[in-house]
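Before any comments, here is the structure.
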Amino acid sequence: MAALNSGDYALALEALHHALALNAESANARYAYAWVLQKRDYFQDAANELEKLLAQHPDETRAHLLLGNLYAQNLGQPDFARGHYKTVLEKDPRNVQAPALRAWLQNNPEP
């Protein structure tokens, strides 16, 4: 966490990789690992880690939100983003990002 707070993402990736080796089911470690990967512009790797997290913990709203953002903003896959955004709104309709998600969904309707 100290590496994350100081912005040393290379060290944070290494530490989180070790944390996941010790406990592959840690939702917090996997989310943090994906978040740092996204910060380092490893978008597909971050998405892969979030998919792993959601396979283990499907109710992780923060993972759905970050994964939706990756699909919408970085990976050019709005259909995947749509599903994750809808899940966030279903599970946490008062999420601080809810208005932006609703606007995005309205502006990006299903084909």
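The values are calculated or read from the model by the stated rules, or taken from the named source; none is laboratory data. Just so it is clear, the model here is predicted, and its values are computed rather than measured. Don't worry about glycine lacking a Cβ; one is built from the backbone with ideal geometry, like all the others, and counts go over all protein chains shown. These accessible areas exclude ligands, DNA and RNA; they are computed on the full protein's heavy atoms, side chains included. Shrake-Rupley method; radii C 1.70, N 1.55, O 1.52, S 1.80 Å.
Just a few scattered comments:
- On the stretch given as the range 33-58, residues that are assigned to a helix (DSSP H, G or I) and either touching a residue at least 40 places away in the same chain (Cβ under 8 Å) or over 21 Å from Thr87 (Cα atoms) (or both) total 5.
- From the options Ala34, Ala15, residue that is open to solvent by 40 Å² or more (accessible area, probe 1.4 Å) and among the hydrophobic types (A, V, I, L, M, F, W, C): Ala15
- Candidate set: the range 59-110, residues that are touching a residue at least 24 places away in the same chain (Cβ under 8 Å) and not in a helix (DSSP H, G or I); chosen: the one farthest from Trp35 (Cα to Cα): Glu110
- Pairs meeting the criteria (first residue in the range 6-32 and more than 17 Å from Ala47 (Cα to Cα), second residue surrounded by 11 or more Cβ atoms within 10 Å (Cβ to Cβ) and among the hydroxyl-bearing types (Ser, Thr, Tyr), beta carbons under 8 Å, at least 6 apart or on different chains) are Ala19/Ser26; Ala19/Tyr33.
- Restricting the range 18-31 to residues that are under 19 Å from Glu60 (Cβ atoms) and open to solvent by 40 Å² or more (accessible area, probe 1.4 Å), the residue that is modelled with the highest pLDDT: Tyr31
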